[in-house]
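The next block holds one structure in the form of structure tokens; read it before the comments.
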Amino acid sequence: MVGLFSRMIVGMTVRMPKWFVGWVSRRYVAGSDLESAVKVMKRLSTEGACFTIDVLGEDISTMNEAIYFLEEYKRVIEAISSNSLDANLSIKPTAFGLLLNRKEGMKNIESLVKMAAEHNMFVRLDMEDHRVTDDTIQVMLDMHKKGLKNVGVVLQARLFRTLDDIEDIERKLGSDADYRICKGIYLEPSDIAHTTRIDIINATNKCIDAMLDSGAYVGIASHDYPVITHSLEALKKRSMGPEGIDPRANSGDQRHNKGPGYEFQMLLGVRGPLRRKLQSKGHRTRIYIPYGEKWYEYSIRRLKENPTIGAQVAKSFLMPWTNRP
Ligand code: FDA
């Protein structure tokens, strides 16, 4: 019943004028420009959170668009540095031209990762749908081969292949591996992915365990209680926690600007109370901050992908004071 109500609200919202969608989505998107994103991060810094910044947009059709992303992300690096923010970058390799011109795309990504390294900053490769899983992992491995270790990949637990990917990456990178693990937002076909809620949760928890056991750094990206509860237990079982250093024998060096082997990651505007609770217990928490001119397309996609947002839309409408990032 609630699901149907949510879907109805989402169906109506996506047909509304752009200003209305903008008003609803201001909770989830930091704004249309970098200055707005910096403002949001400065405000949320007071809660002790750190950040990863996403310049909105994917599916480019010309290499000129890739140059836009390269230049904009370089501005992001400058802004993080000059505002002394505790933040890193989240990029989509396809936005840098990887699928249009592999050589040029790689050159763009390498140039950004190098600049980030000079600023002691980390770059996360967001994961898109299964058609680019191999390419995205390969970009990360290639960067490491070139000595650029400030790069890590996102893996999607719903894909059957992910436990094998973790094993393979562990063999190649050992404790240099640095992951974000999430359920995966793309609804993948049942011959390659789990499709039920419970199977996806179980798969996510298995991946978290495998990553922790591999000695890697693990960014746990979920707002779902069964995943958070499992993660807290998994950390405790391995004597990992906010205090002190990473106790795992295979964990390698403590990463600069990072937590003791793990952190929790959440999207801007989603389950703030849970994030603040984790933060208050001392866990490192990172907020994913999307901004950009493509905020409208991003918002519509999010609304369609997650019909539970419908309830949030209704709440925003009835209680507008609750609608803030
Ligand atoms: P679940 O979907 O059960 O959400 C739990 C609750 O959180 C929902 O009931 C709802 O209240 C709230 N919620 C969750 N997502 C929401 C949203 N978008 N808007 C509003 N409320 C929401 N995926 C991917 O394929 N590639 C990637 O690179 C990334 N990157 C990424 C980074 C970070 C920091 C996060 C937190 C997530 C991603 N994801 C992602 C998305 C991820 O795969 C997954 O789709 C979402 O996190 C939702 O799954 P949960 O585990 O949060 O559970």
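No lab work stands behind these numbers, since they all come straight from the coordinates. Keep in mind the model is a prediction, meaning the values are calculated, not measured. Note that we place each Cβ from the backbone using ideal geometry, even for glycine, and neighbour counts take in every protein chain shown.
Derived scalar couplings between HN and Hα for the range 90-100 equal 10, 10, 9, x, 5, 5, 9, x, 3, 8, 8 Hz in order, rounded to whole Hz, by the Karplus curve 6.51 cos²θ - 1.76 cosθ + 1.60 (θ = phi - 60°), x for Gly and Pro. Which parts of the range 129-148 would a label at ARG301 reach, counting a residue when its backbone N lies under 18 Å from a point 7 Å out along Cα-to-Cβ? Only 129-137 fall inside the zone, counting backbone N under 18 Å.
What FRET efficiency do you get for ARG197 and PHE160 if R0 is 22 Å and r is their Cβ-Cβ distance, rounded to the nearest 0.05? Walk me through the numbers on the way to the answer.
On the way: r = 16 Å, r/R0 = 0.75.
Calculated value: 0.85.
The residue among TYR225, SER214, SER251 whose Cα reaches farthest toward the positive pole of the charge dipole of the chain, with charges on the beta-carbon of Lys, Arg, Asp and Glu, is TYR225.
Once fully extended, how much extra length lies between LYS146 and LYS206, figured as 0.36 nm per residue of separation less the alpha-carbon to alpha-carbon distance? List each step's numbers first, then the result.
Details: separation 60, 0.36 × 60 = 21.60 nm, distance 3.07 nm.
Result: 18.5 nm gained on full extension.
Label-to-label distance for ARG131 and ARG276 is 4.2 nm, based on points extended 7 Å past Cα in the beta-carbon direction. When only alpha carbons are used to place a centre, the range 73-95 and the range 32-54 end up 11 Å from one another.
The amide H of ASN88, built 1.01 Å from its N in the peptide plane, has PHE51, THR52, ILE53 as neighbours under 5 Å, considering only residues 5 or more places off or on other chains.
How high is the relative contact order of the range 30-291, in percent, with contacts defined as C-alpha pairs under 8 Å that are six or more residues apart?
20 percent
Past the 30 angstrom mark, what percentage of all C-alpha to C-alpha distances in the range 30-291 do you count? The partial results should precede the final answer.
On the way: 7882 of 34191 pairs.
For the range 30-291, the fraction of Cα-Cα distances above 30 Å is 23 percent.
Charged side chains reduced to their Cβ positions (Lys and Arg at +1, Asp and Glu at -1) give the chain a dipole of some 1180 debye around its Cα centre. With a ≥ b ≥ c taken as the square roots of the eigenvalues of the C-alpha gyration tensor of the range 1-153, please select rounded if a/c is under 1.5 and otherwise prolate if a/b is larger than b/c or oblate if it is not? Oblate, because a/c is 1.5 or more while a/b does not exceed b/c. In this label model, GLU118 and SER84 are separated by 2.3 nm, measuring between points 7 Å along each Cα→Cβ vector.
Counting helices only, and only those DSSP H runs with n ≥ 4, report the 222 nm mean residue ellipticity of the chain as the sum of -39,500 (n - 2.57) divided by its residues, in deg cm²/dmol to the nearest 500. If you can, show how the numbers build up before the last one.
Values: 12 runs with 154 residues, N = 325.
That calculation yields -15000 deg cm²/dmol at 222 nm.
Between ASN250 and GLU65, the FRET efficiency from the beta-carbon distance, with R0 = 41 Å, is close to 0.50. Ordering 68-75, 30-37, 194-201 by mean Cβ neighbour count within 10 Å, with the highest value first, yields 30-37, 68-75, 194-201.
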